[in-house]
Amino acid sequence: MIKNILIAEDDRVTAHLVKTQLEAKGYCVYTANNGIEAMKVFSLRPIDLLITDVIMPKMDGVDLYEAVKGDPKTSDIPIIIVTDKAVFKESFSSLGVSNFVEKTTDIKALLEKIETIKIEVGMAKKYSKILLSGSHRIVLEQMKNSLKGMQYLNVAAFTSEEIISKALSMKPHALVVDVMFQDQLSAPELIRALRCINILRQMKIITYASFPEDFGIDVETIQELEEAMKECAKAGADLYIGRFNQSFFLEKLVGLGI
């Protein structure tokens, strides 16, 4: 539920006008002139949504975003970036931001964005989000089918770039990745990169083995799988489940609290 909103905006006239209109809609609204003041508000008040300008004195919107998402106490709080500049949208999009509104005292678009976020927040609380990844589309389809009818929101990704982009945007409860995945990054390299991102450090990472039914398993292949499994574990994977098996897969998700 979104009730308490914080507006970080150095233009006091704009901040006051937006605050007044949001309060007329039933929201409890706080304001801050810059990122430093906003962080003080976070330490004193329960905030459900941050609306921030980009260019502000002392601490701008970029640093504020990173500070909020880098703190486990506030990392789940949704953020709306107020900007109409493409360069700013591109920069924030690379950080996983998808909520933008243009700077205006007319809050129609802002209210619509807030309603969208309310739905997303409600869905996130009801369903666990899982990012399925790997090179074998048939296996990923089997995974998706095994999750049908369950309280999981699942998305598939097939490349390193796509996996990182979707992980940043959806912030999944779990990532499922093939230990033998090889793209621009290998599975261990991918896991290591994701573990360096603050907002993804709590994400569970499950690794599995994927190969066709008629694929011969020789000693060399087994050794490669074992080495890949060990490297993924060192990189930060939480669990290796072996060759994908539907019932075992669901059992392990539940066992990890997902």
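The values are calculated or read from the model by the stated rules, or taken from the named source; none is laboratory data. None of these values were measured; they are calculated from a predicted model. Cβ coordinates were reconstructed from backbone atoms using ideal geometry, including for glycine residues, and neighbour counts include every protein chain displayed. Heavy atoms of the whole protein, side chains included, go into the accessibility calculation; ligands, DNA and RNA do not. Shrake-Rupley method; radii C 1.70, N 1.55, O 1.52, S 1.80 Å.
Figures for the structure shown
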read-out: Entirely in the stretch 5-95, the strands (runs of 3 or more DSSP E) that have 1 or more residues that are in contact with a helix residue (DSSP H, G or I) (Cβ under 6 Å, 6 or more places away or on another chain) and surrounded by fewer than 17 Cβ atoms within 10 Å (Cβ to Cβ); value: none
read-out: Pairs where the first residue, in the stretch 219-232, is under 17 Å from Ile205 (Cα atoms) and free of Cβ contacts under 8 Å to residues at least 60 places away in the same chain and the second is among the polar types (S, T, N, Q) and outside any helix (DSSP H, G or I), C-beta under 6 Å, 6+ apart; value: Cys232/Thr207
read-out: Top-ranked residue of the stretch 145-166 - restricted to ones that are modelled with pLDDT under 90 and assigned to a helix (DSSP H, G or I), ranked as least open to solvent (accessible area, probe 1.4 Å); value: Ser146
read-out: Within the stretch 121-144, considering residues that are under 30 Å from Ile2 (Cα atoms) and surrounded by fewer than 15 Cβ atoms within 10 Å (Cβ to Cβ), the one modelled with the highest pLDDT; value: Tyr127
read-out: Count - residues of the stretch 112-154 that are of a type in the set (Val, Ile, Thr), within 14 Å of the chain's Cα centre (by Cα) and under 19 Å from Ala237 (Cβ atoms); value: 1
read-out: Subset of the stretch 14-33 (residues that are touching a strand residue (DSSP E or B) at 6+ places or on another chain (Cβ under 7 Å) and not small (Gly, Ala, Ser)); value: Val18, Lys19, Leu22, Glu23, Tyr27, Cys28, Val29, Tyr30, Thr31
read-out: Identity of the residue in the stretch 19-74, among the hydroxyl-bearing types (Ser, Thr, Tyr) and over 18 Å from the mean Cα position of the chain (by Cα), that ends up nearest to Arg201 (Cα to Cα); value: Ser43
read-out: Hits in the stretch 189-206 (condition: more than 11 Å from the chain's Cα centre (by Cα) and surrounded by fewer than 19 Cβ atoms within 10 Å (Cβ to Cβ)); value: Glu189, Arg192, Ala193, Arg195, Cys196
read-out: Lys25 being modelled with pLDDT of 90 or more and over 30 Å from Glu162 (Cβ atoms); value: yes
read-out: Ala228 being in a loop (DSSP other than H, G, I, E, B), open to solvent by 10 Å² or more (accessible area, probe 1.4 Å) and among the hydrophobic types (A, V, I, L, M, F, W, C); value: no
